[in-house]
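All of the numbers you see were taken from the coordinates with simple rules; none came from a lab. Quantities reported herein were computed from a predicted structural model and do not represent experimental measurements. Here the Cβ is made from the backbone with ideal geometry for all residues, glycine too, and neighbour counts use every protein chain on show.
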Amino acid sequence: MLRRTLVVIGGAVLLGAFAATASANHQWGTYHWGRTANPVPLTLIDTTSSAWTSYVNTAKIDWDSSTMLALTRTTGTANRRCSPVAGKLQVCNNSYGNNGWLGLASIWLVSGTDHIAQATTKFNDTYFNTSTYNNPNERAHVACQEIGHDFGLDHQDTSGADFNTCMDYFSNTGANAGSTDGTHPNTGDYDELLCIYDTASAGKTLNSTSTTGKNHSCTGTGHLDSSNSWTALTAQAPSQNDVFESQEGNLTRIDFVLWANPIH
């Protein structure tokens with residue numbers, strides 16, 4: 001699975017998660033990087049090993065093609081914990097164990113706001129060192145998607161259908177291991193970044209030419225799925241809820257799970 005984690009600094013928050021269809025609006029709640037002007041100047045710290053470097057760099061180039069983002073890639077020391085760095089996005093890989101997730105994107109919010117203060121993305125080599133997942137297209141898909149979540153993007157679709165975007169549930173494994181579909185963003189993803197960050201696009205309908213075949217309206221509301229604790233998640237089969245909420249001291253943590261080979 002891919003898993004997204006939201007840690008809120010001081011106080012509770014509700015997470016908007018959009019329905020599992022080819023959506024004309026796929027913002028992750030209302031979360032976005034706080035900034036005074038566009039494009040958003042953001043440093044991506046790449047601490048990954050050589051097995052991941054090219055995929056992280058390609059994802060950085062892809063997302064930097066958005067007029068709303070101005071990304072700078074730097075390198076850092078390998079960090080198993082992938083401790084967040086204020087104001088930056090850190091990307092890490094390690095063997096995190098047989099815990100069910102392939103990639104984990106996490107964001108922290110400024111207290112009392114929906115502004116992202118820092119973010120991390122992790123890749124789980126426990127799975128990527130196996131024949132099922134160790135192929136270039138699946139690595140590219142996961143790298144692109146998890147980094148995309150850290151800008152405030154949700155999935156365009158969670159049915160497993162192929163919409164030729166890294167922000168869907170299409171899996172580049174098994175019979176699809178040789179497919180390059182789903183390894184890059186598509187026009188709908190760039191339009192959604194306009195919806196999130198471009199004040200001039202607010203309320204407009206953007207004419208996406210992506211394979212979603214849908215226009216992007218820069219409005220929308222989500223629904224909340226939650227669980228009382230993370231413990232409930234670990235005991236579940238991969239066909240249950242995707243969003244789980246737990247309390248960690250004075251922090252509210254929300255985990256958004258995208259299962260490997262999901263059953264929806």
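If packing is taken as the average number of other Cβ atoms within 10 Å across a peptide's residues, how do 143-155, 45-57 rank, most packed first? Provide the component values of the computation, followed by the final result.
On the way: 143-155: 25.8, 45-57: 17.8.
Final packing ranking: 143-155, 45-57.
Over the alpha carbons of the stretch 82-142, what is the largest minus smallest coordinate on each principal axis, giving the biggest first in Å?
44, 21, 16
In nm, to one decimal, how far is the Ala161 label point from the Thr130 one, both placed 7 Å along Cα→Cβ?
Distance between label points: 2.9 nm.
Net charge near Asp46: determine it from the other residues with C-beta under 12 Å of the C-beta of Asp46, scoring Lys and Arg +1 and Asp and Glu -1.
For residues surrounding Asp46, the net value is +3.
Which order, highest average first, do 32-41, 188-197, 114-123 follow once you tally other Cβ atoms within 10 Å for each residue and take the mean per peptide? Working shown, then result.
On the way: 32-41: 14.3, 188-197: 24.7, 114-123: 22.7.
Final packing ranking: 188-197, 114-123, 32-41.
For the stretch 144-187, what is the Kirkwood estimate of the hydrodynamic radius, computed as the reciprocal of the mean inverse distance between distinct Cα atoms, to one decimal in Å? It would help to have the intermediate numbers written out before the result.
On the way: mean 1/r = 0.0955 Å⁻¹.
It is 10.5 Å.
What ranking do 92-99, 165-172, 178-185, 200-207 get when scored by the average of other Cβ atoms within 10 Å per residue, highest first?
Ranking the peptides 92-99, 165-172, 178-185, 200-207 by packing returns 165-172, 178-185, 92-99, 200-207.
Starting from the Cα of Ala51, step 7 Å toward the Cβ, then list every residue of the stretch 167-189 with an amide N under 18 Å from that point.
172-174
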